[in-house]
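Notes to accompany the following structure.
None of the figures in this text is laboratory data; all of them are computed from the coordinates on show. What you see is a predicted model; the values in this text were computed from it and never measured. Neighbour counts run over all protein chains shown; Cβ positions are idealised from the backbone, glycine included.
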Amino acid sequence: MPVVLTLLRIKNLALVEELEWQMEPGFIAVTGETGAGKSIIIGALQLLLGERADKSLIRTGADLCTVEAVFSGNDLQKLNPQLVEAGIEGCENDLILKRTLSSTGTNRQFINGSPATLSVLKNLGDQLVDLHGPHDHQSLLSPETQLRLLDSFARAEEQLAEYRKHYRQLQTLLAEHAALDTAETAREQELDLLRHQITEIKSANLVVGEEEEIEKRYRLASNSKRLIELASAIANKLSEADDSVLSQLAETQRLLRELEKIDSSMMQFSSAHAATVVELSEIARTLSAYAEKLDLDPEQLAALEQRVSLFETLKRKYGGSITEVIAFGERAAERMGKIEGRDVELERLAKEIDNVRAQMNGAAEALRKLRIKAAPKLSENIRRNLRDLGFRQSEFESKLSALDEPRPNGFDTVELLFSPNPGEPPKPLRAIASSGEISRLMLAVKSALAVHDAIPLLVFDEIDTNVGGEIAHAVGAKMQTL
């Protein structure tokens with residue numbers, strides 16, 4: 001189902017306090033005398049299209065102005081990728097656009113209830129509504145849109161996609177080539193920096209996992225004096241002093257044995273006491289050996305300290321861990337290899353650029369042939385519609401011109417030219433001043449492109465200006481066709 005506007009709500013906009021307007025199928029025109037409020041409807045649509053607004057539009061005495069539109073149709077699903085990219089949930093059959101203006105100057109916009117930026121609202125509006133009138137939203141005046149419509153009329157979508165593929169490839173290759181082909185001084189400076197970085201990292205002889213082991217050894221070495229003091233003191237208290245723990249336990253052990261001779265039930269305590277003596281003796285022996293093993297070598301401590309300091313310096317420069325520092329060195333070596341092999345790489349890129357450019361030029365030529373073939377047919381189709389709308393002796397031309405440089409849409413630009421009266425040279429559409437004239441012209445263009453144009457809602461402001469009778473009937477017939 002094609003997209004249609006089904007509902008328009010206006011609250012506190014200009015003279016309108018509140019309006020809810022449901023559009024019925026087949027509705028094509030709003031009529032009324034001057035001052036009836038037709039322009040307010042146009043203004044509401046303009047706000048929903050993302051046009052600039054200020055608080056002067058708010059109805060006198062009100063603090064908040066709201067405009068809201070509901071679009072319906074299965075074709076709305078084509079907009080879902082754009083909605084999702086903007087962080088808005090996709091739609092199925094309904095799309096609700098809403099905008100509020102506050103007397104405090106705060107403006108907000110919503111799409112399906114979700115807050116949205118004005119640019120997102122404007123981009124959606126460009127795809128939903130084409131409003132034609134004096135100083136209004138006229139997408140057909142854009143050269144890019146005119147070229148897009150010519151391509152649509154020519155059914156050149158496949159050829160355009162092929163061209164764009166090669167164009168994007170070429171831009172990527174050209175960027176790579178430019179990045180590699182830097183100024184010689186900058187190249188040498190970068191090479192000097194890379195050599196320094198690689199040498200500094202390589203000379204450190206880094207090994208993954210080494211940092212933890214070195215830091216452990218450094219922590220022990222830097223505290224070895226205190227560790228020896230503590231271990232020796234404990235061993236001394238346990239076994240070496242005159243009043244050592246073990247010497248005192250020997251006396252308690254003797255007393256327990258005498259107790260055991262009198263009361264055999266005390267045997268368990270005597271056994272436990274003996275086991276404790278054995279454990280404490282082992283602790284004393286181990287601590288003595290530990291103290292003797294600890295090295296107070298100042299040179300070793302200095303070497304460990306220097307290694308730890310080197311780790312910190314490298315991590316500060318090249319990464320948060322030794323693993324990251326090693327990875328940085330590998331990337332630097334790879335980059336240096338590319339720069340040093342720059343000439344070879346530049347030659348390879350140049351060949352690839354030539355190849356892709358040839359493919360792009362071929363695709364551009366195929367695209368141009370379709371455009372050249374379609375342009376006069378489009379012009380004739382529009383001229384035929386113009387005659388139906390009262391421009392009996394008008395001229396219309398689709399002027400295709402070649403560009404010097406490739407663009408995203410090819411090597412061509414198109415400009416639609418129009419002359420309403422005989423003897424006048426055709427002029428660009430943007431030079432047409434009369435709103436009634438340009439509205440009828442746009443209606444003729446839209447009629448010719450009705451099958452190809454993707455914008456579902458067309459609004460023509462003052463399209464009946466200076467027309468009547470047979471021409472007015474023709475205008476109505478064209479609008480009904482659209």
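When Phe460, Phe391 are arranged by Cβ crowding within 10 Å, least crowded first, meaning fewest neighbours, the order is Phe391, Phe460. What pairs in Lys165/Lys427; Lys377/Lys427; Lys55/Lys427; Lys55/Lys78; Lys351/Lys377 have C-alpha atoms more than 29 Å from each other? Where the Cα-Cα span goes over 29 Å, the pairs concerned are Lys165/Lys427; Lys55/Lys427; Lys55/Lys78; Lys351/Lys377.
Taking all Cα pairs closer than 8 Å and separated by 6 or more residues, the relative contact order of region 1-151 comes to 22 percent.
Set against the labelled values (i) 3, 12, 14, 14, 11, 9, 8, 7, 6, 6, 5, 3, 1, 0, 0; (ii) 4, 18, 24, 23, 17, 10, 3, 0, 0; (iii) 4, 17, 27, 27, 18, 7, 1, 0, P(r) over Cα pairs in 10 Å bins from 0, in percent computed from this structure falls on (i).
Neighbours of Ala179 by Cβ distance under 12 Å: Lys/Arg scored +1, Asp/Glu scored -1, total 0. Within the same chain, lysines fewer than 8 places from Lys202 are excluded, and of the rest, those with a Cα less than 20 Å from its Cα are Lys315, Lys317, Lys338. Contact order for the chain, expressed relative to its length and based on alpha carbon pairs under 8 Å spaced 6+ residues apart, stands at 18 percent. Only helices enter the 222 nm calculation for the chain: every DSSP H run of n ≥ 4 contributes -39,500 (n - 2.57), and dividing by all residues gives -18500 deg cm²/dmol, rounded to 500. Extents of region 1-132, taken as max minus min of Cα coordinates on every principal axis and listed largest first, are 40, 37, 23 Å. Extension gain, Arg348-Ser271: 0.36 nm per intervening residue step, less the Cα-Cα distance, totals 19.0 nm.
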